[in-house]
Amino acid sequence: MKIGVVGYGTGGRHFHAPFIKAADGVELAGIVARAPATIARVQADYPGLPIYASLGDMLASGVDAVTITTPPQTRRDLVLEAIAAGVHVIADKPFAPSAEVGREMEQAARDKGVTLGVFHNRRFDTDVQTLKKVLDSGRLGKLWRIHARMEQDDPATLEAGPQGGLLRDLGSHMVDQILWLLGPAVSVHAHLDMIDLPEGPTDAGFVISIRHQGGTFSQLVSSKINHIDAKEFVVYGDQGSYRSAQTDVQAQAIFADKRPVDDPDGWGYEAEERWGILATASGAERVPSEQGRYHDYYTGFARAVQGGTLPPVTPADAIAVLQVLDAARQSAAEGREIAL
């Protein structure tokens with residue numbers, strides 16, 4: 001599947017192109033870039049790769065699919081343009097400004113008969129894959145609750161203004177992870193840490209509490225301007241607990257100029273000293289790290305297109321995330337729990 005990347009900022013350069021190169025059944029066919037500095041980066045990273053001035057030019061070249069990883073406010077129109085051209089689309093997160101707009105894009109793809117996926121790649125995080133294996137083992141018994149933290153000491157990357165904020169940024173990932181692990185949400189209660197910036201009021205941190213359809217409870221905590229760097233899960237069941245404080249393995253490797261295609265067997269494993277701890281009546285034990293593989297998203301997307309099956313993350317999945325995020329914002333504004 002020939003896939004083009006639209007946008008070559010942090011997302012396109014670090015979280016899409018390298019993983020397309022490592023995926024099975026996928027070929028990186030080109031990148032849309034306009035600024036001279038961005039074009040120079042593409043040429044340095046991928047000599048000879050076609051560079052296009054616009055999505056229209058890329059579509060005219062004959063690609064099979066495109067990833068839209070431009071700023072969120074531009075995403076809807078570009079996704080709809082690619083769909084109208086009959087091309088399969090991967091939309092970066094946040095998928096849409098609201099669940100309503102997400103449904104519009106989902107319907108457009110259905111009407112055109114193309115596959116639309118959403119890049120919630122953090123289902124493929126090392127710690128999330130390991131936690132999923134622990135949950136599937138049944139060793140925790142009846143699951144009660146999960147507490148999750150994803151905090152980054154990275155004030156410079158906080159997107160300012162009412163259309164930005166951390167809720168739509170890391171919140172998109174964290175909510176998708178927990179819905180994938182625990183199932184649909186039935187109610188949401190949230191608190192947002194707000195700051196005033198020249199671009200407008202901006203949420204710079206959050207606490208989201210979710211009650212899930214299956215009876216479990218989750219709480220998600222995130223910040224970016226408080227100089228905390230933490231990635232943690234604490235899980236409680238009636239037969240024991242699981243604690244994980246792993247690092248952001250794949251992101252750290254990417255920013256250290258490592259690439260999954262260079263070491264596919266060794267990519268995405270946590271160091272043994274940071275393995276999670278499973279504690280039951282039998283005692284405490286370290287749980288070996290599962291492999292984190294963001295490129296599995298692209299492999300799965302290509303197979304879905306080829307086989308006519310669902311992509312790894314469907315528009316419906318992403319709309320469910322948006323419903324929780326919309327409810328979280330309403331909850332924080334009104335100071336009450338919101339039923340879904």
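The values are calculated or read from the model by the stated rules, or taken from the named source; none is laboratory data. Only a predicted model underlies this, so the values are computations on that prediction, with no experimental measurement involved. Every residue, glycine among them, receives a Cβ derived from its backbone with ideal geometry; neighbour counts consider all protein chains shown. The protein model used for the area step is the full one, side chains on, heavy atoms only, and it has no ligands, DNA or RNA in it. Shrake-Rupley method; radii C 1.70, N 1.55, O 1.52, S 1.80 Å.
Applying a threshold of 22 Å to the alpha-carbon distances of 21/224; 224/258; 142/231; 21/258; 132/258; 93/133 flags 21/224; 224/258; 142/231; 132/258; 93/133 as lying beyond it.
Estimated at 0.36 nm per residue, the fully extended path between residue 252 and residue 316 surpasses their Cα-Cα distance by 20.0 nm.
Taking the charge dipole of the chain about its Cα centre, with +1 at Lys and Arg Cβ atoms and -1 at Asp and Glu Cβ atoms, the residue from 239, 33, 128 reaching farthest to the positive side is 239. Taking the longest Cα principal axis of the chain as reference, the axis of helix 295-307 is set at about 60 degrees. Each residue, residue 14 and residue 274, gets one label point 7 Å from its Cα in the Cβ direction; the gap between the two is 1.5 nm. The modelled label-to-label distance for the pair residue 197/residue 160, using points 7 Å beyond Cα in the direction of Cβ, is 0.7 nm. Between residue 227 and residue 60, how high is the FRET efficiency from 1/(1 + (r/R0)^6) when r is the Cβ-Cβ distance and R₀ = 51 Å? Nearest 0.05. Efficiency at R0 = 51 Å is approximately 0.60.
Ordering 19, 266, 146 by the projection of their Cα atoms onto the charge dipole of the chain, which places +1 on the Cβ of Lys and Arg and -1 on the Cβ of Asp and Glu, puts 146 at the extreme positive end.
Net charge dipole, the chain: roughly 540 debye, given to the nearest 20, about the Cα centre with Cβ charges of +1 for Lys and Arg and -1 for Asp and Glu. Dipole orientation for the chain: of the candidates 116, 96, 3, 116 has the Cα lying most toward the positive pole (charges on Cβ; Lys, Arg +1; Asp, Glu -1).
Sequence-distant contacts, meaning Cα pairs under 8 Å at least 6 residues apart, place the relative contact order of the range 33-133 at 21 percent. Normalised by the number of residues in the chain, the mean separation of alpha-carbon contacts (under 8 Å, six or more apart) gives a relative contact order of 20 percent. Cα centroid distance between the range 180-213 and the range 64-131, in Å? The distance from the Cα centre of the range 180-213 to that of the range 64-131 comes to 21 Å.
Each Lys or Arg adds one and each Asp or Glu subtracts one; over the other residues with Cβ under 11 Å from the Cβ of residue 231, this totals -4. Note on the range 16-61: with neighbouring protein chains present and a 1.4 Å probe, carbon and sulfur make up 52 percent of its accessible heavy-atom surface. Relative to the Cα centre, the charge distribution of the range 1-155, modelled as +1 at Lys and Arg Cβ and -1 at Asp and Glu Cβ, gives a dipole magnitude of about 520 debye. Using a probe of 1.4 Å on the protein chains alone, the accessible area found for residue 269 is around 100 Å². Give the angle, between 0 and 90 degrees and rounded to the nearest 10, that separates the Cα long axis of helix 315-334 from the longest principal axis of the Cα atoms of the chain. Around 60 degrees separate the two axes. Counting only protein heavy atoms and a probe of 1.4 Å, the accessible surface of the range 121-220 is 52% carbon and sulfur. With all protein chains in place and ligands, DNA and RNA left out, the 1.4 Å accessible area ranks 267, 180, 144, 275 as 144, 180, 275, 267, largest first.
Charges were assigned to the Cβ only: +1 to each Lys and Arg, -1 to each Asp and Glu. The resulting dipole of the range 209-275 about its Cα centre is roughly 420 debye. Taking all protein chains together and a 1.4 Å probe, the residues 34, 139, 123 rank 34, 139, 123 from largest to smallest accessible area. On a per residue basis, the chain carries 43 Å² of accessible surface, using protein heavy atoms and a 1.4 Å probe. Given a 1.4 Å probe and the protein chains as shown, residue 124 ends up with an accessible area of around 40 Å². Placing a label point 7 Å from the Cα of residue 303 along the Cα-to-Cβ direction, the residues of the range 124-159 with a backbone N closer than 16 Å are 124.
Principal-axis analysis of the Cα atoms of the chain puts helix 36-45 at an angle of about 80° to the longest axis.
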